1. Could you list, in sequence order, the residues of the stretch 39-86 that are in contact with a helix residue (DSSP H, G or I) (Cβ under 9 Å, 6 or more places away or on another chain) and not hydrophobic (A, V, I, L, M, F, W, C)?
2. Residue check, ARG77 against (1) of a type outside the set (Gly, Ala, Ser); (2) out of contact with any strand residue (DSSP E or B) (no Cβ under 6 Å at 6 or more places or on another chain); (3) surrounded by 12 or more Cβ atoms within 10 Å (Cβ to Cβ), all met but one. Which one?
3. Can you report the number of residues in the stretch 24-41 which are assigned to a helix (DSSP H, G or I), surrounded by 12 or more Cβ atoms within 10 Å (Cβ to Cβ) and modelled with pLDDT of 95 or more?
4. Return only the number of the condition from (1) at pLDDT 95 or above; (2) exposed (fewer than 11 other Cβ atoms within 10 Å of the Cβ); (3) out of contact with any Leu (no Cβ under 9 Å at 6 or more places or on another chain) that ARG46 does not satisfy.
5. Checking the condition closer than 16 Å to LYS18 by Cβ, in a helix (DSSP H, G or I) and of a type in the set (Lys, Arg), which residue from ARG44, ARG83, ARG77 passes?
6. Could you pull out the residue among MET3, MET75 that is at pLDDT below 95 and of a type outside the set (Ser, Thr, Tyr)?
7. Among the listed residues ASP54, ASP59, identify the single one that is modelled with pLDDT of 95 or more and under 15 Å from the mean Cα position of the chain (by Cα).
8. Which of the residues spanning the stretch 7-22 are assigned to a helix (DSSP H, G or I) and over 10 Å from PHE37 (Cβ atoms)?
Amino acid sequence: MTMSREQFLATSGVEVHKLEFWLAQEWLIPEPSDAGFTEREVARARLIRDLEDDFGVNDEGIDIILHLVDQLHGMRRAFTQLRRDME
């Protein structure tokens, strides 16, 4: 399910100026064209908020953490596919 920008802001609790910054940093990448935001971006936004607010992580740290999380998810997908191929 996709949601509009307004729905995303309401669901995630993110302020507009933060969303603009996160989009510029490519911490959030909504679906191509006008498809909008998904639950994946909501979860990612909540992670970013937790890193900033609860853990005090700065922008450089968030960038590194998100990169590592993306790598981890990529490896997980690769291992899942490898397991399927081996079966």
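The values are calculated or read from the model by the stated rules, or taken from the named source; none is laboratory data. Since the model is a prediction, treat every value here as computed from it, not as a measurement. Here the Cβ positions follow ideal geometry from the backbone for every residue, glycine too, while neighbour counts run over all protein chains shown.
1. Listed by number, the residues that qualify are GLU39, GLU41, ARG44, ARG46, ARG49, GLU52, ASN58, ASP59, GLY61, ASP63.
2. (3)
3. Within the stretch 24-41, residues that are assigned to a helix (DSSP H, G or I), surrounded by 12 or more Cβ atoms within 10 Å (Cβ to Cβ) and modelled with pLDDT of 95 or more number 1.
4. It is condition (2) that ARG46 fails.
5. Matching residue, one of ARG44, ARG83, ARG77: ARG44.
6. MET3
7. Selected residue: ASP59, the only one of ASP54, ASP59 that is modelled with pLDDT of 95 or more and under 15 Å from the mean Cα position of the chain (by Cα).
8. Answer for the stretch 7-22, where residues must be assigned to a helix (DSSP H, G or I) and over 10 Å from PHE37 (Cβ atoms): ALA10, VAL16, HIS17, LYS18, GLU20, PHE21, TRP22.
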